[in-house]
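Enquirer: Structure incoming, see below.
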Amino acid sequence: MQFMQDLARVLVICVGLLCSSDQGLHLRSFPPRDSCEDLRKRMNGAGDATMEDIEVLDSKDHLSGPAPPTNGASGEEGKDMTSKDYYFDSYAHFGIHEEMLKDQVRTLAYKDAFMMNEHLIRGKVVLDVGCGTGILSMFAARAGAKKVYAVDCSNIVLSARQIVKDNHLDNVITVIQAKVEELTLPDGVEKVDIIVSEWMGYCLLYEAMIDTIIYARDKWLKPGGIMFPDKASMHICAIEDRDYKEDKINWWRNVYGFDMTYMRGHALAEPLVDAVDSRQIATNHTMLVEIDMYTVTIQDKTFSSKFELTAKRDDYIHALVVWFAVDFSKCHRNIRLSTSPEGEYTHWKQTVFYLDRYIAIRRGEKLSGTFSLSPGKQNIVSPNASDAPVAQRVVHIRDLDFDITVDFEGEHGKLSSSQKFKMR
(Lines give C-alpha, C1' and ligand atoms only; values in the text may rest on other atoms or scores of the structure.)
Protein backbone atom coordinates (compact mmCIF):
# COMPACT_ATOMS: atom_id res chain seq x y z
CA MET A 1 0.00 0.00 0.00
CA GLN A 2 2.81 2.38 0.87
CA PHE A 3 4.37 1.68 -2.51
CA MET A 4 1.12 2.59 -4.30
CA GLN A 5 0.81 5.82 -2.32
CA ASP A 6 4.39 6.84 -3.08
CA LEU A 7 3.97 6.02 -6.77
CA ALA A 8 0.80 8.11 -7.02
CA ARG A 9 2.45 11.08 -5.32
CA VAL A 10 5.42 10.89 -7.74
CA LEU A 11 3.02 10.89 -10.69
CA VAL A 12 1.23 13.95 -9.31
CA ILE A 13 4.53 15.81 -8.99
CA CYS A 14 5.54 14.86 -12.54
CA VAL A 15 2.23 16.03 -13.96
CA GLY A 16 2.50 19.27 -12.01
CA LEU A 17 5.95 19.93 -13.44
CA LEU A 18 4.70 19.32 -16.98
CA CYS A 19 1.80 21.70 -16.49
CA SER A 20 3.88 24.50 -15.02
CA SER A 21 6.91 24.27 -17.30
CA ASP A 22 7.22 26.50 -20.36
CA GLN A 23 8.82 23.51 -22.09
CA GLY A 24 5.95 21.20 -21.14
CA LEU A 25 2.44 20.93 -22.48
CA HIS A 26 1.09 24.13 -24.01
CA LEU A 27 -2.49 25.04 -23.16
CA ARG A 28 -3.43 25.26 -26.80
CA SER A 29 -2.12 21.80 -27.64
CA PHE A 30 -4.13 19.74 -25.16
CA PRO A 31 -5.97 16.83 -26.77
CA PRO A 32 -9.78 17.07 -26.54
CA ARG A 33 -11.39 16.46 -23.11
CA ASP A 34 -8.04 16.20 -21.32
CA SER A 35 -6.07 18.71 -19.30
CA CYS A 36 -3.35 18.79 -16.68
CA GLU A 37 -6.03 19.60 -14.11
CA ASP A 38 -7.93 16.45 -15.12
CA LEU A 39 -4.74 14.42 -14.67
CA ARG A 40 -4.04 15.95 -11.28
CA LYS A 41 -7.57 15.11 -10.11
CA ARG A 42 -7.29 11.56 -11.36
CA MET A 43 -3.89 11.02 -9.76
CA ASN A 44 -5.04 12.62 -6.48
CA GLY A 45 -8.01 10.29 -6.51
CA ALA A 46 -5.62 7.34 -6.71
CA GLY A 47 -3.49 8.56 -3.81
CA ASP A 48 -4.74 5.96 -1.32
CA ALA A 49 -5.18 3.14 -3.82
CA THR A 50 -4.62 -0.44 -2.75
CA MET A 51 -4.31 -3.65 -4.73
CA GLU A 52 -7.95 -4.40 -3.86
CA ASP A 53 -8.99 -1.20 -5.64
CA ILE A 54 -7.69 -2.63 -8.91
CA GLU A 55 -10.11 -5.57 -8.86
CA VAL A 56 -13.12 -5.34 -11.17
CA LEU A 57 -16.26 -4.68 -9.15
CA ASP A 58 -19.42 -6.72 -9.55
CA SER A 59 -22.01 -4.67 -11.46
CA LYS A 60 -24.48 -5.08 -8.60
CA ASP A 61 -22.18 -3.10 -6.33
CA HIS A 62 -22.76 -0.04 -8.55
CA LEU A 63 -26.50 -0.16 -7.96
CA SER A 64 -26.39 0.14 -4.18
CA GLY A 65 -27.06 3.32 -2.22
CA PRO A 66 -24.72 6.26 -1.66
CA ALA A 67 -21.53 5.75 0.35
CA PRO A 68 -19.55 8.24 2.44
CA PRO A 69 -17.26 10.49 0.36
CA THR A 70 -13.80 9.10 -0.34
CA ASN A 71 -10.75 11.15 -1.40
CA GLY A 72 -12.84 14.18 -2.28
CA ALA A 73 -15.30 12.27 -4.48
CA SER A 74 -18.95 12.05 -3.57
CA GLY A 75 -21.39 9.20 -3.54
CA GLU A 76 -20.93 5.64 -4.70
CA GLU A 77 -18.37 6.40 -7.39
CA GLY A 78 -16.13 7.84 -4.70
CA LYS A 79 -15.98 4.36 -3.16
CA ASP A 80 -15.99 2.26 -6.31
CA MET A 81 -14.21 4.25 -9.00
CA THR A 82 -10.46 3.72 -9.33
CA SER A 83 -7.98 5.28 -11.76
CA LYS A 84 -8.47 2.25 -13.99
CA ASP A 85 -12.23 2.86 -14.05
CA TYR A 86 -11.67 6.51 -14.95
CA TYR A 87 -9.49 5.46 -17.88
CA PHE A 88 -12.34 3.41 -19.39
CA ASP A 89 -15.20 5.54 -18.00
CA SER A 90 -13.99 9.12 -18.22
CA TYR A 91 -17.49 10.57 -18.08
CA ALA A 92 -17.89 9.18 -14.54
CA HIS A 93 -15.34 11.74 -13.30
CA PHE A 94 -16.97 14.80 -11.74
CA GLY A 95 -14.45 17.20 -13.28
CA ILE A 96 -15.84 16.76 -16.79
CA HIS A 97 -19.38 17.46 -15.59
CA GLU A 98 -18.21 20.47 -13.58
CA GLU A 99 -16.72 21.95 -16.74
CA MET A 100 -19.92 21.40 -18.72
CA LEU A 101 -22.24 22.68 -15.98
CA LYS A 102 -20.15 25.83 -15.54
CA ASP A 103 -20.47 26.49 -19.27
CA GLN A 104 -23.34 28.94 -18.93
CA VAL A 105 -23.87 29.39 -22.66
CA ARG A 106 -24.51 25.66 -22.94
CA THR A 107 -26.51 25.11 -19.79
CA LEU A 108 -28.67 28.22 -19.95
CA ALA A 109 -29.64 27.49 -23.55
CA TYR A 110 -31.10 24.14 -22.46
CA LYS A 111 -32.68 25.70 -19.38
CA ASP A 112 -34.39 28.37 -21.49
CA ALA A 113 -35.58 25.76 -23.99
CA PHE A 114 -37.46 24.01 -21.17
CA MET A 115 -38.42 26.74 -18.74
CA MET A 116 -39.54 29.26 -21.39
CA ASN A 117 -41.57 26.63 -23.26
CA GLU A 118 -43.54 24.82 -20.59
CA HIS A 119 -46.44 24.57 -23.05
CA LEU A 120 -44.34 22.06 -25.03
CA ILE A 121 -43.25 20.04 -21.98
CA ARG A 122 -46.24 19.91 -19.66
CA GLY A 123 -47.63 16.37 -19.33
CA LYS A 124 -45.10 14.89 -21.78
CA VAL A 125 -42.77 11.88 -21.52
CA VAL A 126 -39.12 12.87 -22.01
CA LEU A 127 -36.05 10.75 -22.80
CA ASP A 128 -32.70 12.32 -21.79
CA VAL A 129 -29.91 10.59 -23.73
CA GLY A 130 -26.52 10.85 -22.01
CA CYS A 131 -28.01 12.44 -18.89
CA GLY A 132 -24.77 12.94 -16.94
CA THR A 133 -25.59 14.55 -13.60
CA GLY A 134 -29.25 14.85 -14.63
CA ILE A 135 -29.42 18.62 -15.11
CA LEU A 136 -31.45 18.45 -18.35
CA SER A 137 -33.82 15.91 -16.84
CA MET A 138 -34.41 18.20 -13.87
CA PHE A 139 -35.12 21.13 -16.20
CA ALA A 140 -37.71 18.94 -17.94
CA ALA A 141 -39.29 17.89 -14.65
CA ARG A 142 -39.47 21.49 -13.41
CA ALA A 143 -41.09 22.48 -16.70
CA GLY A 144 -43.94 20.04 -16.05
CA ALA A 145 -42.96 16.78 -17.75
CA LYS A 146 -45.12 13.86 -16.67
CA LYS A 147 -42.21 11.40 -16.75
CA VAL A 148 -38.50 11.70 -17.56
CA TYR A 149 -36.20 8.76 -18.32
CA ALA A 150 -32.58 9.81 -17.78
CA VAL A 151 -30.17 7.38 -19.46
CA ASP A 152 -26.38 7.17 -19.33
CA CYS A 153 -23.99 4.24 -19.63
CA SER A 154 -21.40 5.92 -17.37
CA ASN A 155 -21.24 5.42 -13.63
CA ILE A 156 -22.17 9.09 -13.26
CA VAL A 157 -25.74 7.78 -12.97
CA LEU A 158 -24.92 6.80 -9.39
CA SER A 159 -24.53 10.49 -8.60
CA ALA A 160 -27.48 11.48 -10.80
CA ARG A 161 -29.85 9.24 -8.82
CA GLN A 162 -28.85 10.90 -5.58
CA ILE A 163 -29.02 14.42 -7.06
CA VAL A 164 -32.53 13.75 -8.38
CA LYS A 165 -33.59 12.41 -4.98
CA ASP A 166 -32.04 15.38 -3.13
CA ASN A 167 -34.10 17.71 -5.33
CA HIS A 168 -37.32 15.75 -4.65
CA LEU A 169 -37.79 14.89 -8.32
CA ASP A 170 -37.45 11.11 -8.06
CA ASN A 171 -41.20 10.76 -8.45
CA VAL A 172 -40.86 12.15 -12.00
CA ILE A 173 -37.32 11.18 -13.07
CA THR A 174 -36.13 7.60 -13.43
CA VAL A 175 -32.36 7.30 -13.88
CA ILE A 176 -31.24 4.28 -15.90
CA GLN A 177 -27.70 3.00 -16.45
CA ALA A 178 -27.63 1.45 -19.92
CA LYS A 179 -26.52 1.92 -23.50
CA VAL A 180 -29.37 3.40 -25.47
CA GLU A 181 -28.92 0.69 -28.10
CA GLU A 182 -29.63 -1.95 -25.41
CA LEU A 183 -32.29 0.02 -23.52
CA THR A 184 -35.74 -1.18 -22.55
CA LEU A 185 -37.81 1.56 -20.95
CA PRO A 186 -39.71 0.62 -17.79
CA ASP A 187 -43.47 0.86 -17.27
CA GLY A 188 -44.11 -0.64 -20.71
CA VAL A 189 -43.22 2.65 -22.42
CA GLU A 190 -42.65 2.20 -26.14
CA LYS A 191 -42.47 5.81 -27.37
CA VAL A 192 -41.63 9.21 -25.90
CA ASP A 193 -42.80 12.73 -26.74
CA ILE A 194 -39.46 14.51 -26.46
CA ILE A 195 -35.81 13.44 -26.79
CA VAL A 196 -33.26 15.79 -25.27
CA SER A 197 -29.50 15.38 -25.41
CA GLU A 198 -26.34 17.42 -25.27
CA TRP A 199 -24.67 15.23 -27.88
CA MET A 200 -22.36 17.72 -29.57
CA GLY A 201 -18.60 17.11 -29.58
CA TYR A 202 -15.62 19.15 -30.68
CA CYS A 203 -16.12 20.28 -34.29
CA LEU A 204 -19.73 19.17 -33.68
CA LEU A 205 -19.28 15.52 -34.68
CA TYR A 206 -16.22 14.38 -32.70
CA GLU A 207 -17.05 11.42 -30.41
CA ALA A 208 -19.95 10.39 -32.70
CA MET A 209 -22.67 10.59 -30.06
CA ILE A 210 -24.98 11.67 -32.87
CA ASP A 211 -25.11 7.97 -33.84
CA THR A 212 -26.81 7.22 -30.53
CA ILE A 213 -29.24 10.11 -30.96
CA ILE A 214 -30.24 8.84 -34.40
CA TYR A 215 -30.83 5.38 -32.95
CA ALA A 216 -32.90 6.79 -30.07
CA ARG A 217 -34.95 8.94 -32.45
CA ASP A 218 -35.75 6.05 -34.77
CA LYS A 219 -36.68 3.70 -31.93
CA TRP A 220 -38.30 5.88 -29.28
CA LEU A 221 -39.64 9.17 -30.69
CA LYS A 222 -43.37 9.37 -31.39
CA PRO A 223 -44.53 10.66 -34.78
CA GLY A 224 -44.66 14.43 -34.38
CA GLY A 225 -42.38 14.28 -31.34
CA ILE A 226 -39.76 16.92 -30.51
CA MET A 227 -35.96 16.77 -30.61
CA PHE A 228 -34.10 19.16 -28.28
CA PRO A 229 -32.12 20.57 -30.07
CA ASP A 230 -33.52 19.88 -33.52
CA LYS A 231 -31.04 21.64 -35.82
CA ALA A 232 -27.25 21.86 -35.98
CA SER A 233 -24.87 23.70 -38.29
CA MET A 234 -21.12 24.03 -38.89
CA HIS A 235 -19.46 27.31 -39.91
CA ILE A 236 -16.01 28.37 -41.10
CA CYS A 237 -13.86 31.52 -41.11
CA ALA A 238 -10.15 32.34 -41.47
CA ILE A 239 -7.72 33.84 -38.95
CA GLU A 240 -4.31 35.40 -38.58
CA ASP A 241 -2.25 33.40 -36.06
CA ARG A 242 1.44 33.81 -36.90
CA ASP A 243 2.79 33.71 -33.33
CA TYR A 244 1.25 30.37 -32.43
CA LYS A 245 2.11 28.76 -35.75
CA GLU A 246 5.75 29.81 -35.39
CA ASP A 247 5.89 28.61 -31.78
CA LYS A 248 4.24 25.21 -32.16
CA ILE A 249 4.47 24.20 -35.82
CA ASN A 250 7.37 25.90 -37.59
CA TRP A 251 9.44 25.42 -34.42
CA TRP A 252 10.20 21.86 -35.54
CA ARG A 253 12.39 23.12 -38.37
CA ASN A 254 15.22 23.87 -35.95
CA VAL A 255 15.24 22.11 -32.58
CA TYR A 256 18.44 22.98 -30.72
CA GLY A 257 20.28 22.99 -34.05
CA PHE A 258 18.71 19.78 -35.38
CA ASP A 259 16.31 19.49 -38.32
CA MET A 260 13.07 17.89 -37.08
CA THR A 261 10.92 19.14 -39.95
CA TYR A 262 9.48 15.62 -40.24
CA MET A 263 7.53 16.26 -37.01
CA ARG A 264 6.08 19.47 -38.43
CA GLY A 265 3.88 17.40 -40.71
CA HIS A 266 2.42 15.58 -37.70
CA ALA A 267 1.77 18.88 -35.93
CA LEU A 268 -0.01 20.31 -38.98
CA ALA A 269 -2.19 17.21 -39.45
CA GLU A 270 -3.80 17.44 -36.01
CA PRO A 271 -6.56 20.05 -35.66
CA LEU A 272 -6.28 22.23 -32.59
CA VAL A 273 -9.15 22.71 -30.13
CA ASP A 274 -8.78 26.19 -28.70
CA ALA A 275 -10.58 29.43 -27.89
CA VAL A 276 -9.89 31.82 -30.76
CA ASP A 277 -9.62 35.55 -30.07
CA SER A 278 -12.24 37.31 -32.18
CA ARG A 279 -9.66 39.97 -33.07
CA GLN A 280 -7.78 37.34 -35.09
CA ILE A 281 -10.71 36.78 -37.47
CA ALA A 282 -9.80 38.23 -40.87
CA THR A 283 -12.80 37.14 -42.98
CA ASN A 284 -16.55 36.68 -42.85
CA HIS A 285 -18.15 33.42 -41.67
CA THR A 286 -19.97 31.01 -43.95
CA MET A 287 -22.02 27.89 -43.22
CA LEU A 288 -20.59 24.52 -44.26
CA VAL A 289 -23.51 22.23 -43.46
CA GLU A 290 -26.89 22.24 -41.72
CA ILE A 291 -28.27 19.14 -40.01
CA ASP A 292 -31.94 18.42 -39.43
CA MET A 293 -32.13 16.15 -36.39
CA TYR A 294 -35.47 14.72 -37.54
CA THR A 295 -34.05 13.34 -40.79
CA VAL A 296 -30.26 13.03 -40.40
CA THR A 297 -28.71 9.58 -40.92
CA ILE A 298 -25.34 8.14 -39.96
CA GLN A 299 -24.29 8.36 -43.60
CA ASP A 300 -24.81 12.15 -43.48
CA LYS A 301 -21.76 12.45 -41.22
CA THR A 302 -19.70 12.11 -44.39
CA PHE A 303 -19.99 15.26 -46.46
CA SER A 304 -18.10 17.70 -48.64
CA SER A 305 -18.95 21.40 -48.78
CA LYS A 306 -17.58 24.26 -50.86
CA PHE A 307 -16.92 27.58 -49.14
CA GLU A 308 -15.92 31.12 -50.06
CA LEU A 309 -14.57 33.67 -47.59
CA THR A 310 -14.05 37.40 -48.12
CA ALA A 311 -11.31 39.34 -46.32
CA LYS A 312 -12.55 42.09 -43.98
CA ARG A 313 -9.15 43.86 -43.97
CA ASP A 314 -5.59 43.57 -45.26
CA ASP A 315 -4.10 40.71 -43.26
CA TYR A 316 -2.42 37.30 -43.30
CA ILE A 317 -4.30 33.99 -43.22
CA HIS A 318 -2.61 31.23 -41.24
CA ALA A 319 -5.54 28.96 -40.39
CA LEU A 320 -9.18 28.12 -40.94
CA VAL A 321 -11.51 27.94 -37.94
CA VAL A 322 -14.62 25.76 -37.68
CA TRP A 323 -17.35 26.25 -35.08
CA PHE A 324 -20.93 25.05 -34.67
CA ALA A 325 -24.35 26.10 -33.46
CA VAL A 326 -27.48 24.17 -32.48
CA ASP A 327 -31.05 25.47 -32.51
CA PHE A 328 -34.21 24.70 -30.56
CA SER A 329 -36.49 25.79 -33.38
CA LYS A 330 -39.69 24.27 -31.96
CA CYS A 331 -39.61 26.74 -29.08
CA HIS A 332 -41.99 29.71 -29.10
CA ARG A 333 -38.97 31.82 -30.01
CA ASN A 334 -35.92 30.11 -31.51
CA ILE A 335 -33.13 29.48 -28.99
CA ARG A 336 -29.60 29.15 -30.37
CA LEU A 337 -26.50 27.75 -28.67
CA SER A 338 -23.49 29.06 -30.60
CA THR A 339 -19.78 28.33 -30.25
CA SER A 340 -18.74 31.18 -32.54
CA PRO A 341 -15.40 32.82 -31.69
CA GLU A 342 -17.30 36.11 -31.79
CA GLY A 343 -19.66 34.93 -29.07
CA GLU A 344 -19.25 34.01 -25.42
CA TYR A 345 -16.77 31.30 -24.41
CA THR A 346 -17.96 27.67 -24.36
CA HIS A 347 -16.11 24.54 -23.31
CA TRP A 348 -16.22 23.35 -26.94
CA LYS A 349 -14.05 26.33 -27.95
CA GLN A 350 -13.36 26.19 -31.73
CA THR A 351 -11.43 23.84 -34.03
CA VAL A 352 -8.40 25.32 -35.81
CA PHE A 353 -6.87 23.92 -39.01
CA TYR A 354 -3.44 25.41 -39.77
CA LEU A 355 -2.47 25.94 -43.40
CA ASP A 356 0.95 24.75 -44.55
CA ARG A 357 1.58 28.15 -46.19
CA TYR A 358 0.22 31.52 -45.18
CA ILE A 359 -1.80 33.80 -47.45
CA ALA A 360 -1.29 37.59 -47.73
CA ILE A 361 -4.79 38.82 -48.44
CA ARG A 362 -6.18 42.28 -49.25
CA ARG A 363 -9.54 43.56 -48.07
CA GLY A 364 -12.29 42.31 -50.38
CA GLU A 365 -10.22 39.48 -51.87
CA LYS A 366 -11.77 36.03 -51.76
CA LEU A 367 -10.47 32.69 -50.53
CA SER A 368 -12.37 29.60 -51.69
CA GLY A 369 -12.08 25.91 -51.03
CA THR A 370 -13.70 22.61 -50.12
CA PHE A 371 -14.18 21.19 -46.63
CA SER A 372 -14.65 17.41 -46.48
CA LEU A 373 -15.35 15.44 -43.30
CA SER A 374 -15.78 11.73 -42.67
CA PRO A 375 -15.64 9.35 -39.70
CA GLY A 376 -12.17 7.89 -39.11
CA LYS A 377 -11.28 4.95 -41.32
CA GLN A 378 -11.69 2.46 -38.45
CA ASN A 379 -14.93 3.91 -37.08
CA ILE A 380 -17.47 2.08 -39.22
CA VAL A 381 -17.29 -1.66 -39.76
CA SER A 382 -20.01 -1.79 -42.41
CA PRO A 383 -20.88 0.78 -45.09
CA ASN A 384 -24.50 0.10 -44.10
CA ALA A 385 -23.70 0.90 -40.48
CA SER A 386 -27.27 1.75 -39.51
CA ASP A 387 -28.36 -1.74 -40.60
CA ALA A 388 -25.51 -3.57 -38.85
CA PRO A 389 -25.93 -5.23 -35.44
CA VAL A 390 -25.20 -2.83 -32.60
CA ALA A 391 -22.17 -4.82 -31.45
CA GLN A 392 -20.61 -4.49 -34.93
CA ARG A 393 -21.58 -0.91 -35.68
CA VAL A 394 -18.77 1.12 -34.11
CA VAL A 395 -15.15 0.28 -33.35
CA HIS A 396 -13.59 3.66 -32.49
CA ILE A 397 -16.35 6.22 -32.11
CA ARG A 398 -14.32 9.39 -31.62
CA ASP A 399 -12.28 9.80 -34.78
CA LEU A 400 -12.77 12.27 -37.63
CA ASP A 401 -10.85 12.69 -40.89
CA PHE A 402 -10.75 15.98 -42.80
CA ASP A 403 -9.64 16.93 -46.30
CA ILE A 404 -9.44 20.69 -46.92
CA THR A 405 -8.56 22.34 -50.22
CA VAL A 406 -7.81 26.04 -50.52
CA ASP A 407 -7.68 28.19 -53.67
CA PHE A 408 -6.60 31.81 -53.62
CA GLU A 409 -5.37 34.35 -56.16
CA GLY A 410 -4.77 37.91 -55.06
CA GLU A 411 -2.57 40.95 -55.48
CA HIS A 412 0.27 39.46 -53.42
CA GLY A 413 0.25 35.93 -54.75
CA LYS A 414 -1.76 32.78 -55.23
CA LEU A 415 -2.13 29.44 -53.51
CA SER A 416 -3.72 26.14 -54.42
CA SER A 417 -3.31 23.45 -51.78
CA SER A 418 -4.86 20.33 -50.27
CA GLN A 419 -4.28 19.15 -46.69
CA LYS A 420 -5.48 16.17 -44.69
CA PHE A 421 -6.19 16.35 -40.96
CA LYS A 422 -7.01 13.70 -38.37
CA MET A 423 -8.87 14.30 -35.10
CA ARG A 424 -8.06 11.47 -32.70
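The values are calculated or read from the model by the stated rules, or taken from the named source; none is laboratory data. In this text the structure is predicted, and so the values were computed from the model without any measurement. With ideal geometry, Cβ positions are generated from the backbone for all residues, glycine too; neighbour counts draw on all protein chains shown. Each accessible area value is taken on the protein alone, full model and side chains, heavy atoms only, with ligands, DNA and RNA left out. Shrake-Rupley method; radii C 1.70, N 1.55, O 1.52, S 1.80 Å.
Enquirer: If you take the alpha carbon radius of gyration of segment 138-278 and divide it by 2.2 N^0.38 Å, what ratio comes out, to two decimals? Present the calculation step by step, with values, prior to reporting the outcome.
Expert: On the way: Rg = 22.5 Å, N = 141, 2.2 N^0.38 = 14.4 Å.
Working it through for segment 138-278, the quotient is 1.56.
Enquirer: Where Rh is the Kirkwood radius over the Cα pairs of segment 89-198, the temperature 10 °C and the viscosity 1.306 mPa s, what D in µm²/s does Stokes-Einstein return?
Expert: On the way: Rh = 13.9 Å.
Translational diffusion coefficient: 114 µm²/s.
Enquirer: How much solvent-accessible surface does K191 expose, in Å² to the nearest 10, with a 1.4 Å probe and all protein chains in place?
Expert: 80 Å²
Enquirer: Counting only heavy atoms of protein chains, what accessible area per residue, in Å², does segment 219-302 have with a probe of 1.4 Å? Mind showing how you got there, number by number?
Expert: Details: 4180 Å² over 84 residues.
Here the per-residue accessible area is 50 Å².
Enquirer: Non-local amide H neighbours of C131 (under 5 Å, H modeled in plane, Pro and chain starts lacking H): which ones?
Expert: V151, D152
Enquirer: Further question: Which ³J(HN,Hα) values in Hz, rounded to whole numbers, follow from the phi angles of segment 334-349 under the Karplus curve 6.51 cos²θ - 1.76 cosθ + 1.60, where θ = phi - 60° and Gly and Pro get x?
Expert: 4, 10, 10, 10, 10, 10, 4, x, 9, x, 6, 4, 10, 5, 6, 6
Enquirer: Per residue, how much accessible area does segment 89-198 show when a 1.4 Å probe rolls over the protein heavy atoms, in square angstrom? Intermediate values should be presented prior to the final figure.
Expert: Values: 4480 Å² over 110 residues.
Roughly 41 Å² per residue, with all protein chains present.
Enquirer: Can you compute the label reach from T370? Point 7 Å from Cα along the Cβ direction, backbone N cut-off under 13 Å, restricted to segment 281-323.
Expert: Residues 303-307 fall inside that zone.
Enquirer: Only sites in a loop by DSSP and with at most 16 other Cβ atoms within 10 Å count here; which GluC sites (Glu not before Pro) in segment 201-249 make the cut? Working shown, then result.
Expert: Working: sites: E207, E240, E246; in loops: E207, E240.
For GluC sites (Glu not before Pro) across segment 201-249 that sit outside H, G, I, E and B with at most 16 neighbouring Cβ atoms in 10 Å, the list is empty.
Enquirer: Can you send over the carbon and sulfur percentage of the accessible area for segment 89-198, probe radius 1.4 Å, protein chains only? List each step's numbers first, then the result.
Expert: On the way: 2270 of 4480 Å².
Its accessible area is 51 percent carbon and sulfur atoms.
Enquirer: How many nm separate the modelled label positions at D259 and T184, each set 7 Å beyond the Cα in the direction of the Cβ?
Expert: Result for the modelled spin labels: 6.6 nm.
Enquirer: Moving on to the next point. Please list the radius of gyration and Dmax for segment 217-301, considering alpha-carbon atoms only, with Å as the unit.
Expert: 20.4, 66
Enquirer: Got a sec to turn the phi values of segment 146-162 into Karplus ³J(HN,Hα) couplings, 6.51 cos²θ - 1.76 cosθ + 1.60 with θ = phi - 60°, whole Hz, x for Gly and Pro?
Expert: Per-residue couplings from phi come out as 6, 8, 10, 9, 9, 10, 7, 8, 7, 6, 4, 4, 5, 6, 4, 4, 5 Hz.
Enquirer: Using the basic label-point model (7 angstrom from Cα toward the beta carbon), what is the Y345 to M116 distance in nanometres?
Expert: 2.4 nm
Enquirer: Regarding segment 268-388, what is the average projected area of its C-alpha convex hull, in nm²? The partial results should precede the final answer.
Expert: Working: hull surface 38.7 nm².
Its average projected convex-hull area is 9.7 nm².
Enquirer: Would you mind checking the pairs K349/K422; K366/K414; K124/K301; K102/K301; K245/K377 and listing those with alpha carbons more than 22 angstrom apart? If you can, show how the numbers build up before the last one.
Expert: Details: K349/K422 18 Å; K366/K414 11 Å; K124/K301 30 Å; K102/K301 29 Å; K245/K377 28 Å.
K124/K301; K102/K301; K245/K377, as the Cα separations exceed 22 Å there.
Enquirer: Which net charge results for the neighbourhood of T212, defined as the other residues with beta-carbon distances under 9 angstrom from its beta-carbon, given Lys and Arg at +1 and Asp and Glu at -1? Could you put the intermediate results ahead of the total?
Expert: Numbers: positive: K179; negative: E181, D211.
In short, -1.
Enquirer: Sticking with this structure for a sec: Straight-line reach from K165: which lysines fall under 19 Å, measuring Cα to Cα and dropping same-chain residues less than 8 apart?
Expert: Correct list for K165: K146, K147.
Enquirer: Something else: Report the rotationally averaged projected area of segment 264-326 based on its alpha-carbon convex hull, in square nanometres.
Expert: Numbers: hull surface 25.1 nm².
Result: a mean projected hull area of 6.3 nm².
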